[in-house]
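Reading through the structure tokens given below for one structure.
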Amino acid sequence: MLLWARLQYIGFGVRYTQWFVFLLLEKRVQEAFHSHIQARYGVDLAVAIEQPKQAEFGELAVPAAFQLAKLLKQAPRKIAAELAAEIGPIAGISAAEIAGSGYLNLRFERSAYATALLAPAEAAPAATGEKIIVEHTNINPNKAAHIGHLRNAALGDTFVRMLRAGGRRVEVQNYIDNTGVQVADVVAGFHYMEQKTPAQVTALIGDAAVRFDYLCWDLYARISQHYKDSPDSLAWRSETLHAIEQGTTVQAELARIVADAIVDLHLRTMLRLGITYDVLPRESEILHLKFWAAAYEQLKERKAIALETEGKNAGCWVMRAAAFSEASEDDKVIVRSNGTVTYVGKDIAYQMWKFGLLGKDFYYRLLQRYPDGHEVWVSADQPSASGVKPPAFGRASRVYNVIDVRQSYLQDVVVAGLKALGAGEQAEQSIHFSYEMVALSPRCCVELGIELSEEDRKRPYVEVSGRKGLGVKADDLIDKLIDKAFEEVSSRHAEATVAEQRRIASQIAIGALRYFMLKFTRTSVIAFDFQEALSFEGDTGPYVQYAAVRARNILRKLEEKGEALPDFARQLTGDALARQLASEDFWQVLLAASKADSAVERAVTAGEPAHVAKYAFQLAQAFNNFYHQYSVIYEEDREKKIFLLWMTDFFRAQLERTLGILGIEVPAYM
């Protein structure tokens, strides 16, 4: 409820910002029915609010009578009649009508609703209240980012934007597993296969002719194949892991050099998509600052883990399968027999820190400032010499971990660890924000020069594998998209400079990529396809961008005619709005354009960014229909022209705002 109390706009008796008018009415209706039902029937009902499937049924539907029918043992229609007669006036609602066997359909006061939307938008207040942590991206710092990482990052970043759009306080974390197996394999490749010293690897990083994350991509594939060809060499991996954990060996120095360089390149890649972070907690500090040691003692004390004395896990500390799985009888190894901790063990310690349960904190140092001035910090094992005080990180009340669905098992173990430690409330608020993999369409593979067998050419999608070296590097994909968009932009706007064409092409390409990653529900496997993503028609990012550009162009043409935008709030009086909105077409268009707030809030509740992408597409469709149906600039009726101009400007603002939540920019032209 804090959110609604903080918003500001003058309209229905309370100050609220114009963006939240539709959502305000939904909440107002919900609260009015909740209070009345509690007083009338003595039932504390979570009142549902729906949107009618057909426009003629009004703007909101309340199925409360159906919710009450079983409790009261009465017919829904009888209860609906009582509610309609007794609910009393609700500000902003003009009528309540009984429909079907018990629905209550509500109609808005159109003129008052439009007047509310006309009010100048005010800056959103600073986010307060509970802290939410969203951890996303989490790329192993051993090679270049690939296409699958882009889905993780786009989902996480968009969900953060959705939460912040609703006034929530969010901390963005990107966990860096800089001591894990993947980093160890690349270090082993440099140390044992290439026999390179830390100084030589540092020189490679500084060589402008070398793309270091690409070099490591190839090295990772080579050492993975070497392990297969020479199984005895797997000893390199365990030796390297031990050496990294010790922290003072040549391999540990190589791990630091490799991981730091790769992280820097990953941040650059993600910034191309407009993705930034607040803090990068690193696994090395979890070890060096004894985070795991503290968690380990608590887990043993609570008997959440047990020392296995026989069988395949002899000598290991394990969590019993019954704690986290009903389908499996396999216990989960938390500490190996050689004393090294597994990934999930360190993740339990990390999750405890996020909730402020560990009794420990990292030291921090400022890693870099983004072009917009936003700072990203990184964990450290020593106090910073700069004396600059870092923000307060961690201690969240809710945590979302954006990790692919294949890690569900390990996330279940983490939650089980929290429960075993007596942190049941935090376990409930530890949310696995899972998603399916990203593959490539066969056509996309051909365009990228990936050789396919005849069998693969017939598949709906082709899976990729970084370990096999078969995959699409994120930067290669982005570059290819920009090149393709540039061809289109340069052909349409030959008069523009190459630099300007390239900038516009980049905005279109990034918009296409982000939208493609977001428009599918999280449970869907994505088969990425260049042609589908970059199409200016259909459910694509460029289609939505083009609608926003069209809206801007109408307003630009008005200026070219020597006319200025009217003072809409002064000239569109309540009577004028009532006259214009008597047109059902105008009302439905305005209603569709004003639901961004509700769409985003529903998407947050569902944990599904695809719902925002779907709304953006529907909004673009509604504007394009409006664009083709009405001649805004040349409308002769003065009042109607002002109304149409306002609608155009409102569409523009809503399209830009919704695209902004999706992390997509609006180009100057397309």
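Show me the chymotrypsin sites (Phe, Trp or Tyr not before Pro) within the range 534-602 that DSSP assigns to loop and that have at most 16 other Cβ atoms within 10 Å of their Cβ. Answer by residue number: PHE536.
Within the shell defined by Cβ-Cβ distances under 9 Å, the residues around GLN173 carry a net charge of -2, with Lys and Arg each +1 and Asp and Glu each -1. Listed by chain and number, the lysines whose C-alpha is less than 23 Å from the C-alpha of LYS557, apart from same-chain residues fewer than 8 away, are LYS640, LYS641. Placing a label point 7 Å from the Cα of SER524 along the Cα-to-Cβ direction, the residues of the range 137-154 with a backbone N closer than 20 Å are 147-154.
If you take all other residues with their beta carbon under 10 Å from the beta carbon of ALA304, and give Lys and Arg +1 and Asp and Glu -1, the sum is +4.
Looking at this model, which pairs from LYS27/LYS346; LYS53/LYS73; LYS53/LYS354; LYS27/LYS53; LYS228/LYS480; LYS346/LYS614 are more than 31 angstrom apart at the alpha-carbon?
In this structure, LYS27/LYS346; LYS53/LYS354; LYS228/LYS480; LYS346/LYS614 exceed 31 Å between Cα atoms.
A straight Cα-to-Cα reach below 15 Å connects LYS300 with the aspartates and glutamates GLU308, residues fewer than 8 places away in its own chain not being considered.
Determine, from the Cβ-Cβ distance of ASP44 and ASP585 and an R0 of 35 Å, the FRET efficiency 1/(1 + (r/R0)^6), rounded to the nearest 0.05. Walk me through the numbers before you get to the answer.
Details: r = 41 Å, r/R0 = 1.18.
In this case the efficiency is close to 0.25.
Suppose every K and R has +1 on its Cβ and every D and E has -1 on its Cβ; what is the size of the dipole of the range 533-633 about the Cα centre, in Debye to the nearest 20? List each step's numbers first, then the result.
On the way: 10 positive and 12 negative charges, 32 e Å.
With only Lys, Arg, Asp and Glu charged at Cβ, the dipole is about 160 debye.
Each residue of the range 569-579 was assigned a 3J(HN,Hα) from its phi angle through the Karplus curve 6.51 cos²θ - 1.76 cosθ + 1.60 (θ = phi - 60°); the sequence is 4, 7, 8, 8, 6, x, 5, 5, 5, 4, 5 Hz, with glycine and proline shown as x.
In the chain, the DSSP-assigned H stretches of four residues or longer account for a calculated mean residue ellipticity at 222 nm of -16000 deg cm²/dmol, using -39500 (n - 2.57) per stretch and the full residue count as denominator.
When Rg and Dmax are taken over the Cα atoms of the range 440-534, they come to 14.9, 46 Å.
Counting neighbouring beta carbons within 10 Å and listing from fewest to most, the residues HIS34, HIS432 come out as HIS34, HIS432. Electrostatic bookkeeping for PRO198 treats Lys and Arg as +1 and Asp and Glu as -1; over the other residues with beta carbon under 11 Å from its beta carbon, the sum is +1. Here the chain was treated as a single set of alpha-carbon atoms; its pair distances binned every 10 Å from 0 give 3, 13, 21, 23, 19, 12, 7, 2, 0 percent.
If neighbour count is taken as other Cβ atoms inside 10 Å, put HIS493, HIS149 in order from fewest to most.
On the way: HIS493 15, HIS149 23.
Sorted ascending by nearby Cβ count, the order is HIS493, HIS149.
Length gained on full extension, ARG443 to ALA494: 15.5 nm, using 0.36 nm per residue less the C-alpha separation.
List MET352, MET647 from most exposed to least, where exposure is judged by having the fewest other Cβ atoms within 10 Å.
Working: MET352 25, MET647 22.
With the fewest neighbours first, MET352, MET647 line up as MET647, MET352.
Here the spin labels are modelled as points 7 Å beyond Cα on the Cα-Cβ line, and at GLU563 and GLU130 they lie 5.0 nm apart. Residues whose amide H falls under 5 Å from that of ALA439, counting only those 5 or more places apart or on a different chain, are ILE526, ALA527, PHE528, with hydrogens built in the peptide plane. In terms of the mean number of neighbouring beta-carbon atoms within 10 Å, the peptides 271-278, 512-519 order highest first as 512-519, 271-278. Computed from label points 7 Å out along Cα-Cβ, the spacing between SER408 and SER386 is 4.2 nm.
Every read-out reported here was derived from the displayed coordinates using simple, explicitly stated rules and does not represent laboratory data. None of the values given here were measured: they were computed from a predicted structure. Every residue, glycine as well, gets a Cβ built from its backbone with ideal geometry; the counts of neighbours run over all protein chains shown.
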